[in-house]
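To keep things clear, I will list the structure first and then write my remarks on it.
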Amino acid sequence: MIGCTAPSHIYPSLGLIAELVKRGHRVTYAVGASMVDVVEPAGVEAVSFDSILPQGESAWPEDPASAMRVFLDEAIGSFPVLTAFYDENRPDLLLYDIGGLAAPVLGVRYDLRAVQLSPTLVAWDGYEVDMGEMLVSIRESDAGRAYHSAYAQWLQDNRIEVDPWDWISHPSEVLSLIPRAMQPNAERVPDSVQFVGPCLDPARLADSCWTAPPGEKKVLFVSFGTGFNERPDFYRTCIAAFGESSGAASSWHVVIAVGHRVDIGSLGEIPPNIEIYPQVPQLAVLAASSAFVTHAGMGGCTEALWFEVPTVAVPQAVDQFGNAALLEELGVGVQLADGDVTVDGLRGAVQTVANSGQIRARLAEVGAEVRSNGGIEKAADAVELRLSAR
């Protein structure tokens with residue numbers, strides 16, 4: 001497994017990786033040194049390198065092509081470490097995250113199948129036409145041209161003569177780890193993509209370090225994930241909207257995960273019905289929740305659908321806007337623009353999604369479909385089929 005040094009990219013496939021180990025396969029996991037402790041409990045042998053991926057959103061370039069360049073530079077920089085290891089420990093199959101750009105190149109080097117484990121949407125037939133305006137703006141920018149040139153040179157250095165845009169947009173084999181319901185234009189996804197569905201990690205499901213409080217209060221979960229969570233003002237709005245002093249909102253017990261870059265002490269007085277932590281066992285909290293305020297990252301969207309929790313999406317960046325719109329289109333939540341969030345507006349949106357019989361009915365339908373996609377067993381079978389056919 002060639003991973004990406006970010007928790008949101010690791011969690012979606014970790015259950016599958018653990019299942020492969022359980023089935024008796026020897027699995028190595030290449031990832032930045034800071035994430036070794038996240039992957040090793042799955043039973044893998046970690047192959048670590050010094051990651052250059054920024055920690056915290058403020059360190060990422062705002063320009064999309066420049067952000068893409070960081071992942072490319074990560075792959076190029078880690079490549080000597082990976083080849084030194086895998087030249088001596090040749091694998092039978094390569095799996096990789098969308099950020100693990102070294103894997104397809106290693107596949108050519110070792111004449112092996114490289115199978116992408118996609119934790120987000122994939123390109124569909126006609127993608128370049130449908131997304132033409134956005135793609136042109138990225139690819140024709142100075143940063144986009146520099147990215148293309150650097151990528152092409154790296155591929156050529158490894159005896160690969162293809163256009164980098166085609167190389168990254170249309171991988172030869174993909175196992176999609178998202179619900180089909182969250183894939184735009186799913187009917188136009190090519191046959192090279194197999195939907196195996198969410199692979200929720202049993203170890204995360206079994207995490208019992210948080211339990212729902214006793215009493216009749218409904219649980220509200222607030223989390224902006226691990227990459228876009230430096231939002232102290234937003235958390236203060238949540239406290240004002242749902243703290244016991246807010247009257248009608250006191251029926252809520254609120255759990256807020258703020259990440260490790262927000263000083264909880266700076267958020268002011270915390271009402272007794274609100275718990276605030278840097279990090280929580282998200283699956284345990286969602287399983288007990290009646291509503292979820294989220295930035296609409298794909299991982300959180302998937303998990304909310306799995307547990308049939310209605311969402312109030314406040315997208316922050318990248319694919320989150322499309323995810324938030326899709327959740328609303330599915331009829332399982334609503335979305336608010338970040339700049340328009342107020343105490344009353346947020347409180348009203350949460351009450352709306354939590355009390356809507358129509359939303360609950362749609363969640364039951366969509367949740368059942370999500371859980372029926374296949375999951376870990378189907379994904380592991382798909383990997384083993386490719387191993388047997390190598």
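The values are calculated or read from the model by the stated rules, or taken from the named source; none is laboratory data. Predicted model only: the values in this text are computed from it and were never measured. Glycine also receives a Cβ, built like all others from the backbone with ideal geometry; neighbour counts cover every protein chain displayed. All accessible areas refer to the heavy atoms of the entire protein, side chains included, with ligands and DNA or RNA removed. Shrake-Rupley method; radii C 1.70, N 1.55, O 1.52, S 1.80 Å.
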Scanning segment 140-170 for residues that are of a type outside the set (A, V, I, L, M) and touching a helix residue (DSSP H, G or I) at 6+ places or on another chain (Cβ under 6 Å), which turns out farthest from residue 98 (Cα to Cα)? 141
Flag if residue 72 is touching a residue at least 60 places away in the same chain (Cβ under 8 Å), surrounded by fewer than 22 Cβ atoms within 10 Å (Cβ to Cβ) and assigned to a helix (DSSP H, G or I): yes
Consider only pairs whose beta carbons are under 6 Å apart and that are at least six residues apart or on different chains; among these, list those whose first residue lies in segment 150-161 and is among the hydrophobic types (A, V, I, L, M, F, W, C) and whose second residue is in a helix (DSSP H, G or I). 152/164; 154/76; 160/108
Please verify whether segment 59-67 includes one or more residues that are crowded, with 18+ Cβ neighbours inside 10 Å and under 28 Å from residue 382 (Cβ atoms). no
Going by the structure shown, is residue 84 of a type in the set (A, V, I, L, M), over 26 Å from residue 260 (Cα atoms) and surrounded by fewer than 17 Cβ atoms within 10 Å (Cβ to Cβ)? yes
The listed residue being open to solvent by 50 Å² or more (accessible area, probe 1.4 Å) and within 19 Å of residue 290 (Cα to Cα), out of 187, 161, 216, 230: 216
Inside segment 283-317, the number of residues satisfying the requirement of being aliphatic (A, V, I, L, M) and either part of a helix (DSSP H, G or I) or in contact with a Pro (Cβ under 8 Å, 6 or more places away or on another chain) (or both) is 10
What residue, among those in segment 20-53 that are open to solvent by 30 Å² or more (accessible area, probe 1.4 Å) and part of a loop (DSSP other than H, G, I, E, B), is nearest to residue 3 (Cα to Cα)? 51
Within segment 4-49, which residues are over 16 Å from residue 226 (Cβ atoms) and among the aromatic types (Phe, Trp, Tyr)? 29, 49
Can you name every residue in segment 162-184 that is touching a residue at least 60 places away in the same chain (Cβ under 8 Å), touching a Leu at 6+ places or on another chain (Cβ under 9 Å) and farther than 16 Å from residue 115 by Cβ? 179, 181, 182, 183, 184
Selected residue (only one of 130, 111, 97 is in contact (Cβ under 8 Å) with a residue 12 or more places away in the chain and open to solvent by 60 Å² or more (accessible area, probe 1.4 Å)): 130
Test: residue 303 is open to solvent by 10 Å² or more (accessible area, probe 1.4 Å), touching a helix residue (DSSP H, G or I) at 6+ places or on another chain (Cβ under 7 Å), within 29 Å of residue 23 (Cβ to Cβ) and not β-branched (Val, Ile, Thr): yes
Name the single residue that is nearest to residue 111 (Cα to Cα) among those in segment 151-199 being within 16 Å of the chain's Cα centre (by Cα) and part of a helix (DSSP H, G or I). 180
